[in-house]
Amino acid sequence: MLGKITDPKNCFPIRIISYSIGGLIFELLKKSHMHSFHEFSDEPVTTGMVKSAETYTGEIPFSSEIKALIDGYHSETERIIQQALAAKDLVLEGEYELLGVNVYNARYYKGCIVSTYFLMYMEEDSQSVLHGDFVIQLNDEKNIEKVYQIK
């Protein structure tokens with residue numbers, strides 16, 4: 001896991017690497033005896049950690065490799081969105097409440113969400129699901145305005 005989280009190429013999408021980071025945090029807490037996993041608490045472990053953490057006042061180093069990865073990720077997201085909009089494969093139009101997307105690898109860029117596998121939304125009084133890969137255009141209230149199929 002340590003090798004995974006120290007490789008900048010694994011930073012995007014961030015949700016995937018976060019599972020390894022979380023696992024390592026708990027392993028470090030256990031090995032350093034900083035937390036007893038045998039005690040019950042009304043508070044999540046991570047909340048307690050943040051409350052008792054000292055404020056970091058130093059400078060955070062920023063690598064040019066990370067910046068290039070971030071820029072590339074945003075460029076790829078913009079390309080996916082532009083390609084779907086240009087194809088004009090509109091599958092849903094109107095104002096719908098967004099209920100869910102595939103958060104495992106969803107992307108967001110300038111008012112659009114890219115979701116793979118499914119999109120869940122409220123249609124009148126019931127939940128509806130579209131299966132496939134989509135670009136979802138949101139309105140100012142963060143409701144669905146248009147949905148385009150990604151091919």
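Just give me the residues in the stretch 88-107 being at pLDDT 95 or above and surrounded by fewer than 16 Cβ atoms within 10 Å (Cβ to Cβ), in sequence order. Lys88, Asp89, Leu90, Val91, Glu93, Gly94, Glu95, Glu97, Leu99, Gly100 - these are the residues of the stretch 88-107 that are at pLDDT 95 or above and surrounded by fewer than 16 Cβ atoms within 10 Å (Cβ to Cβ).
Within the stretch 12-33, identify whether any single residue is among the charged types (D, E, K, R) and under 30 Å from Gln149 (Cβ atoms), and answer yes or no. Checked against the condition, which is being among the charged types (D, E, K, R) and under 30 Å from Gln149 (Cβ atoms), the stretch 12-33 yields at least one hit.
Of the listed requirements (1) over 13 Å from the mean Cα position of the chain (by Cα); (2) not assigned by TED's automatic domain parsing to the domain that holds Asp133, Tyr117 misses just one: (2). The condition of being surrounded by 14 or more Cβ atoms within 10 Å (Cβ to Cβ) and charged (D, E, K, R) holds for only one of Lys67, Lys30, Lys4, that being Lys4.
Return yes or no: is Tyr148 touching a Phe, Trp or Tyr at 6+ places or on another chain (Cβ under 9 Å) and at pLDDT below 95? Break it down into steps so the answer makes sense when it comes.
Numbers: touching a Phe, Trp or Tyr at 6+ places or on another chain (Cβ under 9 Å): yes; at pLDDT below 95: no.
Judged against the criteria, Tyr148 is not a match.
Any residue at all in the stretch 118-139 that is among the aliphatic types (A, V, I, L, M), exposed (fewer than 13 other Cβ atoms within 10 Å of the Cβ) and part of a helix (DSSP H, G or I)? No, the stretch 118-139 contains no residue that is among the aliphatic types (A, V, I, L, M), exposed (fewer than 13 other Cβ atoms within 10 Å of the Cβ) and part of a helix (DSSP H, G or I).
Okay, residues lined up against (1) outside the structural domain of Asp140 (by TED's automatic domain parsing); (2) within 30 Å of Ser128 (Cα to Cα); (3) touching a residue at least 60 places away in the same chain (Cβ under 8 Å):
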position: Leu24; (1), (2), (3): yes, no, no
position: His33; (1), (2), (3): yes, no, no
position: His38; (1), (2), (3): yes, no, no
position: Leu69; (1), (2), (3): yes, no, yes
position: Gly72; (1), (2), (3): yes, no, no
position: Ser75; (1), (2), (3): yes, no, no
position: Glu78; (1), (2), (3): yes, yes, no
position: Leu98; (1), (2), (3): no, yes, no
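The values are calculated or read from the model by the stated rules, or taken from the named source; none is laboratory data. Quick caveat, the model's predicted, so the values are computed rather than measured. As a convention, Cβ positions derive from the backbone with ideal geometry for all residues, glycine included, and neighbour counts pool all protein chains shown.
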